[in-house]
1. Do the sum for the chain: with -39,500 (n - 2.57) for every DSSP H run of n ≥ 4, divided by all residues, what is the mean residue ellipticity at 222 nm, to the nearest 500 deg cm²/dmol?
2. Taking only C-alpha pairs under 8 Å that are 6+ residues apart, what is the relative contact order of the chain in percent?
3. Taking all protein chains in place and a 1.4 Å probe, what share, in percent, of the accessible surface of segment 157-300 do carbon and sulfur account for?
4. For a quick check: with amide H placed at 1.01 Å from N, whose amide H comes under 5 Å from R73's, ignoring anything fewer than 5 positions away on the same chain?
5. In what order, largest first, do L267, L343, L424 sit by accessible area if the probe radius is 1.4 Å?
6. Arrange the peptides 399-409, 121-131 so that the one whose residues have, on average, the most other Cβ atoms within 10 Å appears first.
7. Can you list the HN-Hα couplings for segment 188-193, worked out from phi with the Karplus curve (6.51, -1.76, 1.60; θ = phi - 60°), rounded to whole Hz and with x for Gly and Pro?
8. What FRET efficiency comes out for the pair S188/A334, r = Cβ-Cβ distance, R0 = 45 Å, nearest 0.05?
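The values are calculated or read from the model by the stated rules, or taken from the named source; none is laboratory data. Predicted model, so just to flag it, every value in this text is computed and none were measured. As a convention, Cβ positions derive from the backbone with ideal geometry for all residues, glycine included, and neighbour counts pool all protein chains shown. Side chains are part of the model used for accessible areas, which takes the heavy atoms of the whole protein and leaves out ligands, DNA and RNA. Shrake-Rupley method; radii C 1.70, N 1.55, O 1.52, S 1.80 Å.
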Amino acid sequence: MSHTAANHACVPSPEARSLSVRPNAHVASAEELALISLSARLLFENGQSTEKVVSAFDQLAAAVGFRATVFPRWGELTVLINDGSGSRNEIVAAAPVGVDMRKVAATSGVIDEICSGHLDAASARAALEAVARFPAVSITRFALLAAAGAAALGVIFGAAHPFSLLLIAISAGAGACLRRWLSGISRSPFIQPLCAALLAGVIGSIAVRLQLSSALRLIAVCPCMILVPGPHLLNGTIDLARARIALGASRIAYAGVIILMICTGLLTGLSLGSVSLPASAPSYPVPLGYDVIAAGIAVAAYGTFFAMPWRMLPIPAAIGMLAHASRWAMISLAGASVQTGALVACLIVGIVITPIADRLRLPFAAFAFASVVSLIPGVYLFRMAAGLVDLVTPGQKASADVLLNTIADGATATLIILAMAIGLILPKMCIEHFHPAQPLRPTGKPDERKAL
């Protein structure tokens with residue numbers, strides 16, 4: 001690479017950031033290349049934000065001792081190496097479709113150990129390979145917390161009858177078991193939410209036929225709300241805010257397809273019992289105590305979905321309860337809209353979560369979304385989808401009320417999502433701008449780091 005090209009590579013761009021480290025210190029070995037590729041892939045595939053992936057890559061490249069640039073794209077990471085032997089690139093297949101906080105935290109810990117001089121390349125690679133083999137959350141914990149989380153969302157959205165909450169829990173727990181079984185026979189990330197939502201729709205339609213469900217259809221809707229891919233929406237929005245347009249759009253498109261699968265499964269399941277989801281239905285006020293406790297349970301459930309260790313669950317649960325209490329106060333006491341309530345709650349969460357996520361080496365999107373999961377406008381999204389179907393089915397004879405209710409539900413859902421995204425991301429970007437985190441740099445002696 002020419003001197004001009006090398007200088008050009010060091011200018012940060014929307015899709016990549018060059019890493020200014022000691023130029024051409026030595027020839028990168030195969031062990032070192034495998035180490036940095038594996039670490040970047042583990043972070044990228046398990047929910048870490050793009051900016052943090054690049055920052056971690058920066059630390060690791062500095063510790064190893066050669067110049068490198070990472071280009072994150074959907075489906076791959078391109079690593080450009082510039083060392084004593086010249087320039088070359090490595091392409092690593094990696095799609096950011098998963099969320100696993102344990103793997104992100106463990107990978108970040110290994111990188112810190114390398115930077116502090118406590119691990120050599122061979123030991124670090126072995127540690128990262130062990131991280132890659134971390135098992136999924138146990139099926140028992142996964143199903144029980146899915147059931148508890150869906151029932152908690154039922155309480156938040158007005159389900160008061162104990163038998164309705166039991167049906168919601170059974171539906172969500174069965175859906176979790178179905179998703180885990182499907183993950184073992186299919187690699188498609190869309191089959192799981194489609195089939196789980198279909199099951200929820202079938203159970204919901206049976207409940208309606210037996211007159212066990214209210215007009216809100218929460219028995220069908222709540223098990224589907226826990227399927228909404230919030231971290232991917234947040235990571236995509238962060239990428240867009242940082243002008244990584246292609247990657248951000250890809251993340252949001254991926255999340256959008258999952259939401260489409262959820263809506264399709266839910267409405268298909270309901271239609272099998274000739275049951276429809278009303279485009280608009282009255283909601284019921286929930287006492288503050290029930291609202292806050294249910295929010296904490298929902299947060300714990302989502303922490304389980306994202307493989308958060310048990311000892312860490314109280315942190316997002318407490319933050320989520322505080323956020324939901326502030327939302328309740330804004331709506332019930334101050335008379336604010338649901339959009340304003342969501343914005344205020346997410347601003348609080350964004351301010352509190354940002355330094356905690358950095359301290360614990362956890363992915364911001366998963367940590368933050370778990371804390372505000374009770375605010376997701378899943379009900380409005382599903383009602384909008386049902387309203388669109390109701391508009392298409394009768395053709396020109398469609399009711400004007402259905403059209404207006406569908407527009408209202410869609411607008412409400414869109415505004416809540418925007419309020420949540422702004423509330424979570426704005427504090428994060430401001431804090432990182434004015435108080436950037438100081439990455440670890442190699443601290444060992446040169447001779448000690450040469451082994452890396």
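1. Numbers: 18 runs with 290 residues, N = 452.
Mean residue ellipticity at 222 nm (helix-derived): -21500 deg cm²/dmol.
2. Working: 790 pairs, mean separation 79.2, N = 452.
Worked out over the chain, it gives 18 percent.
3. Numbers: 4180 of 5940 Å².
Here it works out to 70 percent.
4. Residues meeting the criterion, in which the H sits 1.01 Å from N, are T78.
5. Working: L267 35, L343 55, L424 0 Å².
Output order, biggest surface exposure first: L343, L267, L424.
6. On the way: 399-409: 15.8, 121-131: 17.4.
In descending order of packing, they fall as 121-131, 399-409.
7. So the J values, rounded to whole Hz, are 5, x, 9, 5, 4, x.
8. On the way: r = 45 Å, r/R0 = 1.00.
Efficiency computed from Cβ-Cβ geometry: 0.50.
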